[in-house]
Amino acid sequence: MQEKISIVRTNSSDKDFNALIAKLDHELWNELQEDQDTYDQYNKVPGLQTVVVLYINTKPVACGCFKEFNEDTVEIKRMFVEKEYRGRGFSRSVLHELEAWASECCFQYAVLETSVHFRVAQGLYHKEGYNIIDNYGQYAGLEESVCMKKKLPLSSRPSEFKNLPDIEYFLFEEEFIEKNVRCIPMIVRFRMDKAGIKLKLAEWCRFSVDERIALAKKSCSNEEEVKEYNRYLSCLIKNYTGNQATAMNVDESPAWANLNKVPVALSEKLKSFGCDLSIQQWNKLTELQRFALLKLSRESHENKNFSKAIKEFKLTGG
């Protein structure tokens, strides 16, 4: 029978994952013996939602997981392949899946710890772009530990908003990058401004995919909906950071809402790209398109984002 290899994203309560790490712990105790008494306490991963299990047909043969290390870094944990399946690249496959998942969650770096005795593991991580660093956290001063770090590539997968029905999302946002992560989409920033609440990129990155989609889909068109949006976003920030959300003043007469005048700053920005926006064109744009143009016309934004937006909105023939 032809082998079917699949990788499943799951959590630390998964029975197959627990069966594999039981075998991992057994090997570690046999190989590291009394040293493992020190390390075992650092290997626990209860309540973790970021676990990967690799299957051959229906048999679980490899696993790994990651947990948040700090706001831009994850720690890779519990990497394991059953002995009879080693040497076939399954560790690399699990590692790639974990890195892709972490990148999708907006993390920029991955760290890990392995033993000085595990030369094969060290070799794998080195080939995959990990470099040895000073021992971090609980491993500081432990001579049996080797700690490594890697800068994660930006996820090549489309964002959760691309082709999502019922929201306005622009193609240029797929490449709208800040600090090597996709930015908060314009539809969410638009509603944040209306609800009078600030959201940092580091806070946004902690939210789950479902929570980010909810923020994009939640209506914010009347007073009650604005209050509910503010409450929902404030609760998310509090839950993930322990801090109160930062309020900001709400502009009761935003420039994007004035259909009788093209904002001067936007006109000047467009002229630098050889464009001239008529009042008729301004009126034909959606609210979110007008909002996006004003955000992108600020000095803090790179011209490449603005130029892509005006092409997408058909304001230039370039």
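Looking only at residues of segment 187-202 that are free of Cβ contacts under 8 Å to residues at least 60 places away in the same chain and part of a helix (DSSP H, G or I), we find that the one that is surrounded by the fewest Cβ atoms within 10 Å (Cβ to Cβ) is LYS194. The number of residues in segment 51-69 that are farther than 16 Å from ALA19 by Cα and surrounded by 22 or more Cβ atoms within 10 Å (Cβ to Cβ) comes to 1. Against the list (1) modelled with pLDDT under 95; (2) over 18 Å from ASP16 (Cβ atoms), the condition LEU48 fails is (2). When residues in segment 237-290 are screened for being within 30 Å of ASN70 (Cβ to Cβ) and touching a residue at least 24 places away in the same chain (Cβ under 8 Å), 7 of them pass. Taking residues in segment 4-16 that are more than 14 Å from VAL45 (Cα to Cα), and partners anywhere that are among the charged types (D, E, K, R), the pairs with Cβ atoms closer than 6 Å and at least 6 places apart or on different chains are ILE7/GLU97. No other residue among ASN57, ASN30 is among the polar types (S, T, N, Q) and at pLDDT below 80 apart from ASN30. Check segment 70-83 and report whether any residue there is within 17 Å of PHE118 (Cα to Cα), exposed (fewer than 13 other Cβ atoms within 10 Å of the Cβ) and modelled with pLDDT under 95. Yes; the residues of segment 70-83 include at least one that is within 17 Å of PHE118 (Cα to Cα), exposed (fewer than 13 other Cβ atoms within 10 Å of the Cβ) and modelled with pLDDT under 95.
Report whether or not ALA265 is closer than 29 Å to LEU199 by Cα and modelled with pLDDT of 95 or more.
Details: closer than 29 Å to LEU199 by Cα: yes; modelled with pLDDT of 95 or more: no.
Here the answer is no, as ALA265 does not meet what is asked.
The lone criterion from (1) in contact (Cβ under 8 Å) with a residue 40 or more places away in the chain; (2) farther than 19 Å from GLU174 by Cα; (3) out of contact with any Phe, Trp or Tyr (no Cβ under 8 Å at 6 or more places or on another chain); (4) surrounded by 15 or more Cβ atoms within 10 Å (Cβ to Cβ) left unmet by LYS295 is number (2). Restricting ASN222, ASN230, ASN258 to those that are touching a strand residue (DSSP E or B) at 6+ places or on another chain (Cβ under 6 Å) and under 22 Å from GLY196 (Cα atoms) reduces the list to ASN230.
The values are calculated or read from the model by the stated rules, or taken from the named source; none is laboratory data. Since the model is a prediction, treat every value here as computed from it, not as a measurement. Positions of Cβ are generated from backbone atoms using ideal geometry, with glycine treated the same way; all protein chains shown enter the neighbour counts.
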